[in-house]
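I have placed the structure first, in the form of structure tokens, so that the comments after it can refer back to it.
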Amino acid sequence: MPAVSFQHVSKIFPSPRGDLHALKDVSFDVQPGEFFGLLGPNGAGKTTLISILAGLTRASSGRVLVHGKDVQADYQAARRQLGVVPQELVFDPFFNVREALRFQSGYFGIRHNEAWINELLDGLGLADKAGSNMRQLSGGMKRRVLIAQALVHKPPVIVLDEPTAGVDVELRQTLWQFISDLNKRLGSTVLLTTHYLEEAEALCGRLAMLKQGQVVALESTSVLLARAASNVLRFKTDATLPPELAAQARITGRVVQLPANDAHAVERVLARLRELGVVAQDIEIRKADLEDVFLELTGSHVRPATPVLALDEVDV
Amino acid sequence: MSGWQALFYKEILRFWKVGFQTVAAPVITAILYLMIFGHVLEGRVQVYGTVGYTAFLLPGLVMMSVLQNAFANSSSSMVQSKVMGNLVFLLLTPLSHRAWFVAYVGSSVVRGLAVGSGVMLATWWFAQPSLVAPLWIVVFAVLGAALLGALGLIAGLWAEKFDQMAAFQNFIIMPMTFLSGVFYSIHSLPEFWQQVSHLNPFFYMIDGFRYGFFGVSDVSPWLSLSIVGVALAGVSALALYLLRTGYKIRH
């Protein structure tokens, strides 16, 4: 039985300017013990899908099962199996860390959870903050508490929605070590959404990519990587690229990256640049990574006019 | 500990941690009302023939404090959790809508009774109303607090910001409590306003509560009990329905 099963899930948000189809017939399974990544650009529907799984939002059609339990019809059984780390950095200002964790255990009907709470506090580097009020904690510390809160009832399925957004490198390391450990030691299933593709590449055995509410890829990470152009030509330039190159390029400030599988492709690009009098500096050729696959599949390499503003928008 | 007990305890601890604001402040306000109105009106107004004004006012103020604080507890807790976003910690749990209801309304009753007892103890020095039928006092205090706790829960679910909550409190709850006969017997009103007062459910809560002290009231306590009971059942049914359907908390 799959740990999580999405079956023909659709979600429509009615709006005066026309209905928004946030999810269109999404179906896939996550197997027990998997470390599964859910990727997609902002607005692709990742958070909506997680919200339906967590019971925060209802699907317009289709259903979601957690270890065979329907998240609507059998919500109590489903939620006992789920530990969800929300994307927003939320906290209850009335309580300290230990109180927050005790109450969260209580909501799941668990008494005397101190041993596990202490283990969580130690594992997440929160032991010396146990008595601190939530308001006094830094953003990173609050994020750790969110993770601890999601794990108080030892859920077999852990769902992390953008857990490392705005988190420093050190915390990212601690966090992934902790989650990977749970995945390996306890066999917990992990479902993760992230913007950091190198993270997904390093951690997830299998990935689903969403684009405009639809699954555009569902494969093991290694197969997906193999699907990408195997090499990428990378250079820096101050000039504007001609449209035919810009259309397939990944442009980050001055850095341009173009798929180039073989010597001919590299030559073609360089010849075109020379023809236009474009100066290219620091030219190199590297192996394709997940980001290349991602851009190829989601078509996001055609950048909007103001990409920076769109980066941190909350998913619908 | 079952889930609802954890939430119930959390809700009590929440208001207790800011007890100055949630318990001590309303007690002080009630004492001020009693001192000022008692000073101005004692000796000039007699109610039910023999009852002095301060003694008459005291139960009214106690009940008003019970009702206002029961409402404030569930409504402010819910709207704060929604605005802060920490309601998600509850939404992710297996707690049923009944568990939510019992915990939010139960903690409102506790706060209402805590403030009411505080007002009663603090004002005992000014006047000692008799305690003719203590059971009626307890019954009306508990039912009234539960009714306002459930109403607060509905208001908290409905309001999306503090502004809307303040409007609900100031334009509905405050006028209904002030015009319910806390400060006067409705028999002192012109016929028309007596009729209007009979449409206000708050009137029956105050009147029934006061019956427990003096054994005299504007209407029969059984009538008051029936009306308060029906109102509580109706408001509770609505609150439970809103919680079950996730009104404004699940999309």
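The values are calculated or read from the model by the stated rules, or taken from the named source; none is laboratory data. Everything numeric here is computed off the predicted structure, so don't read it as measured data. Methodologically, a virtual Cβ is constructed for each residue, glycine included, from the backbone with ideal geometry; neighbour enumeration extends over all protein chains shown.
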Next item on the list: Might you let me know whether region A:122-142 holds any residue that is farther than 27 Å from residue A:31 by Cβ, within 14 Å of chain B (Cβ to nearest Cβ), out of contact with any Asp or Glu (no Cβ under 6 Å at 6 or more places or on another chain) and of a type in the set (Lys, Arg)?
Entry: yes
Margin query: Checking the structure you have, find out if any residue of region B:148-170 is closer than 30 Å to residue B:48 by Cα and small (Gly, Ala, Ser).
Written below: no
Margin query: Could you go through region A:199-214 and let me know if any residue there is charged (D, E, K, R), over 20 Å from the mean Cα position of the chain (by Cα) and either part of a helix (DSSP H, G or I) or outside the structural domain of residue A:267 (by TED's automatic domain parsing) (or both).
Written below: no
Margin query: Can you tell me which condition residue B:208 does not meet? The list is (1) modelled with pLDDT of 90 or more; (2) farther than 28 Å from residue B:73 by Cβ; (3) of a type in the set (Gly, Ala, Ser), and all the others hold.
Written below: (2)
Next item on the list: Hand me the list of helices (runs of 4 or more DSSP H) wholly inside region B:1-103 holding 1 or more residues that are more than 21 Å from residue B:205 (Cβ to Cβ) and either small (Gly, Ala, Ser) or under 24 Å from the mean Cα position of the chain (by Cα) (or both).
Entry: B:3-17, B:25-41, B:53-84
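Are any residues in region A:100-115 over 15 Å from residue A:144 (Cα atoms) and either in contact (Cβ under 8 Å) with a residue 24 or more places away in the chain or within 14 Å of chain B (Cβ to nearest Cβ) (or both), and if so, which ones?
A:102, A:103, A:105, A:106, A:107, A:108, A:109, A:110, A:111, A:112, A:113, A:114
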Next item on the list: Keeping to region B:141-179, report how many residues are farther than 21 Å from residue B:238 by Cβ, of a type in the set (Gly, Ala, Ser) and surrounded by 18 or more Cβ atoms within 10 Å (Cβ to Cβ).
Entry: 1
Next item on the list: Would you check if residue B:115 is at pLDDT 95 or above, of a type outside the set (Ser, Thr, Tyr) and over 11 Å from the mean Cα position of the chain (by Cα)?
Entry: no
Check: Does region A:74-86 contain at least one residue that is aromatic (Phe, Trp, Tyr), touching a residue at least 24 places away in the same chain (Cβ under 8 Å) and facing another protein chain (nearest Cβ under 9 Å)?
Finding: no
Check: With respect to the numbered conditions (1) modelled with pLDDT of 90 or more; (2) under 18 Å from the mean Cα position of the chain (by Cα); (3) closer than 19 Å to residue B:58 by Cβ; (4) of a type outside the set (Gly, Ala, Ser), which one is the sole condition not fulfilled by residue B:182?
Finding: (1)
Check: Within region A:181-233, can you find the residues that are touching a Gly at 6+ places or on another chain (Cβ under 7 Å) and surrounded by fewer than 17 Cβ atoms within 10 Å (Cβ to Cβ)?
Finding: A:187, A:220
Next item on the list: Look through region B:92-106, keep the residues that are facing another protein chain (nearest Cβ under 9 Å) and buried (at least 19 other Cβ atoms within 10 Å of the Cβ), and return whichever of them is farthest from residue A:151 (Cα to Cα).
Entry: B:99
Notebook entry, point to check: Got at least one residue in region B:65-73 being surrounded by fewer than 21 Cβ atoms within 10 Å (Cβ to Cβ), within 30 Å of residue A:89 (Cα to Cα) and within 14 Å of chain A (Cβ to nearest Cβ)?
Noted result: no
Notebook entry, point to check: Limited to region B:13-40, what total is found for residues that are surrounded by fewer than 17 Cβ atoms within 10 Å (Cβ to Cβ) and more than 9 Å from chain A (Cβ to nearest Cβ)?
Noted result: 13
Notebook entry, point to check: Hey, any hits in region A:227-237 for a residue that's among the aromatic types (Phe, Trp, Tyr) and over 27 Å from residue A:44 (Cβ atoms)?
Noted result: yes
Checklist line | Candidate set from region A:168-180 (those that are within 11 Å of residue A:143 (Cα to Cα) and crowded, with 18+ Cβ neighbours inside 10 Å); member that is modelled with the highest pLDDT | finding: A:175
